[in-house]
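Asker: This is the structure, below, for whatever I ask next.
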Amino acid sequence: MSIRHFLTLSDLTSQEAIQIIKRATELKQLHKSRTIHESLKNRVLGMIFEKSSTRTRVSFEAGMTQLGGSAIFLSPRDTQLGRGEPIEDSARVLSQMVDAVMIRTFEHEKITKFAQYSSVPVINALTDDYHPCQLLADVQAYTEARGDIKGKTVTWIGDGNNMCNSYINAAMLFDFKLNIACPTGYEPMQSLLDEAGDRVTVTSSVEEATQGAHLVTTDVWASMGQEEETKIRMAAFKDYQVSPTLMDIADKEAVFLHCLPAHRGEEVSEDMLDDPRSVVFEQAGNRLHAQKALLEFLILN
């Protein structure tokens with residue numbers, strides 16, 4: 001059987017994605033009941049981090065431990081990758097020593113090239129273009145809170161960044177409508193918008209995008225690597241804050257998500273994360289279980 005990688009959500013079929021979400025909830029219940037489940041006993045995950053992380057590292061490392069395996073943390077300063085070893089050489093070597101490789105980096109081309117030369121599954125734990133692991137946790141959070149996301153309306157507010165790009169992929173994969181509210185010049189990838197067609201609507205109006213939405217989500221205005229643009233972005237996005245008042249024009253059963261870390265007082269009001277409609281912290285915890293389900297899917301199938 002050929003090696004399966006997870007570089008974007010497009011690497012899954014809709015049926016596979018739904019099954020992973022279902023399995024994530026099953027694994028979550030096993031975890032809550034303290035049931036030992038070691039489906040990946042003696043398996044090893046290599047974790048390459050070129051971008052800093054809290055949730056990604058802890059969730060993958062804890063996940064492998066809970067499944068009976070182990071994880072090895074690799075930073076550029078600790079490996080030959082950081083000293084100029086070609087990606088294709090590192091991929092060939094590491095894939096002889098571990099059962100899967102998780103990479104969190106900047107250029108998406110790096111992870112694509114690594115996967116090309118790897119003989120074990122490669123997982124995108126975030127690039128500048130996509131963040132597919134987060135979307136699995138997001139869809140799991142919505143499903144657990146409100147049921148099937150199919151046919152619902154999701155609103156993305158803010159930058160057309162890697163998270164926004166992955167939401168476009170998710171709209172196609174899970175069959176929901178996506179409204180994107182962003183300032184002119186900060187739109188997501190045009191190629192993705194073209195592929196999604198009328199499933200995705202882009203507007204500069206936050207109110208228009210949020211009206212009647214079942215899920216509202218956002219992200220920081222300046223992502224890692226964009227710190228020099230912070231002042232410009234603060235001005236551009238000042239009207240793109242999610243607050244309880246904005247949520248009031250969404251559907252009465254709407255939920256709010258944020259991939260975290262959040263900058264309170266910027267993309268979210270000071271009180272938004274603590275609003276009853278927020279399931280942000282359950283969403284964050286789901287990274288653990290969604291990724292365990294993904295690891296099982298990629299390593300055991």
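The values are calculated or read from the model by the stated rules, or taken from the named source; none is laboratory data. Predicted model only: the values in this text are computed from it and were never measured. Because the Cβ atoms are built from the backbone with ideal geometry, glycine has one as well, and the counts that use them run over all protein chains shown.
Asker: Name the residues in segment 263-294 that are aliphatic (A, V, I, L, M) and over 15 Å from the mean Cα position of the chain (by Cα), would you?
Answerer: So in segment 263-294, the residues aliphatic (A, V, I, L, M) come out as 268, 272-273, 279-280, 284, 288, 290, 293-294.
VAL268, MET272, LEU273, VAL279 - these are the residues of segment 263-294 that are aliphatic (A, V, I, L, M) and over 15 Å from the mean Cα position of the chain (by Cα).
Asker: List every residue pair whose Cβ atoms sit under 9 Å apart, with the two residues 6 or more apart in sequence or on different chains, where the first one lies in segment 198-217 and is under 21 Å from GLU253 (Cβ atoms) and modelled with pLDDT of 95 or more and the second, anywhere, is of a type in the set (Phe, Trp, Tyr) and in a helix (DSSP H, G or I).
Answerer: HIS214/TYR142; LEU215/TYR142; THR217/TYR167
Asker: Could you figure out which of (1) surrounded by 16 or more Cβ atoms within 10 Å (Cβ to Cβ); (2) among the charged types (D, E, K, R); (3) farther than 21 Å from HIS263 by Cβ isn't true of GLU208?
Answerer: Unmet condition: (1).
Asker: Right, something else. Give me the residue from segment 26-54 that is of a type in the set (D, E, K, R) and closer than 30 Å to LYS110 by Cα and, out of that set, surrounded by the most Cβ atoms within 10 Å (Cβ to Cβ). First the steps, then the outcome.
Answerer: Residues of segment 26-54 of a type in the set (D, E, K, R): 26, 28, 32, 34, 38, 41, 43, 50-51.
Adding the requirement that they be closer than 30 Å to LYS110 by Cα leaves 41, 43, 50-51.
Values: LYS41: 10, ARG43: 20, GLU50: 18, LYS51: 16.
Result: ARG43.
Asker: OK, next. Within segment 228-237, can one find any residue that is in contact with a Pro (Cβ under 6 Å, 6 or more places away or on another chain), closer than 22 Å to ASN161 by Cβ and assigned by TED's automatic domain parsing to the domain that holds THR155?
Answerer: Our first condition is that a residue be in contact with a Pro (Cβ under 6 Å, 6 or more places away or on another chain); within segment 228-237, this holds for 236.
Checking which are closer than 22 Å to ASN161 by Cβ leaves us with 236.
Then drop every residue that is not assigned by TED's automatic domain parsing to the domain that holds THR155, which leaves 236.
Yes, segment 228-237 has at least one match.
Asker: Filter segment 220-256 for residues that are more than 19 Å from GLU207 (Cβ to Cβ) and under 17 Å from the mean Cα position of the chain (by Cα); which is modelled with the lowest pLDDT?
Answerer: MET224
Asker: Would you check if PHE281 is within 25 Å of PHE60 (Cβ to Cβ) and free of Cβ contacts under 8 Å to residues at least 12 places away in the same chain?
Answerer: Details: within 25 Å of PHE60 (Cβ to Cβ): yes; free of Cβ contacts under 8 Å to residues at least 12 places away in the same chain: yes.
Yes: the conditions hold for PHE281.
Asker: Which pairs have Cβ atoms under 7 Å, sit 6 or more apart or on different chains, and link a residue in segment 64-90 that is within 16 Å of LYS113 (Cα to Cα) to one that is surrounded by 15 or more Cβ atoms within 10 Å (Cβ to Cβ) and at pLDDT below 75?
Answerer: Close Cβ pairs satisfying both conditions: SER90/LEU81.
Asker: Any residue in segment 244-262 that's assigned by TED's automatic domain parsing to the domain that holds TYR167 and surrounded by fewer than 21 Cβ atoms within 10 Å (Cβ to Cβ): show its pairings with residues that are in a helix (DSSP H, G or I) and at pLDDT below 95 at Cβ separation under 7 Å, as long as the two are six or more apart or on different chains.
Answerer: Once the first residue is assigned by TED's automatic domain parsing to the domain that holds TYR167 and surrounded by fewer than 21 Cβ atoms within 10 Å (Cβ to Cβ) and sits in segment 244-262, its partners that are in a helix (DSSP H, G or I) and at pLDDT below 95 give LEU260/ARG55.
Asker: Given the structure, is VAL122 buried (at least 22 other Cβ atoms within 10 Å of the Cβ) and more than 23 Å from PHE297 (Cα to Cα)?
Answerer: Judged against the criteria, VAL122 is not a match.
Asker: On to the next question. Determine which single condition THR184 fails, assuming it passes every other condition in (1) more than 18 Å from the chain's Cα centre (by Cα); (2) in contact (Cβ under 8 Å) with a residue 24 or more places away in the chain; (3) over 24 Å from PHE297 (Cβ atoms).
Answerer: Looking at each condition in turn, THR184 falls short on (2).
Asker: Given the structure, is SER90 in the same structural domain as ILE123 (by TED's automatic domain parsing), of a type in the set (Gly, Ala, Ser), in contact with a helix residue (DSSP H, G or I) (Cβ under 8 Å, 6 or more places away or on another chain) and buried (at least 17 other Cβ atoms within 10 Å of the Cβ)?
Answerer: Values: in the same structural domain as ILE123 (by TED's automatic domain parsing): yes; of a type in the set (Gly, Ala, Ser): yes; in contact with a helix residue (DSSP H, G or I) (Cβ under 8 Å, 6 or more places away or on another chain): yes; buried (at least 17 other Cβ atoms within 10 Å of the Cβ): yes.
So SER90 fits the description; yes.
Asker: Would you tally the residues in segment 193-224 being at positive phi and outside any loop (DSSP other than H, G, I, E, B)? Spell out the reasoning first.
Answerer: The first filter runs over segment 193-224 and keeps only residues at positive phi, leaving 197, 212.
Narrowing further to those that are outside any loop (DSSP other than H, G, I, E, B): 197.
The qualifying residues number 1.
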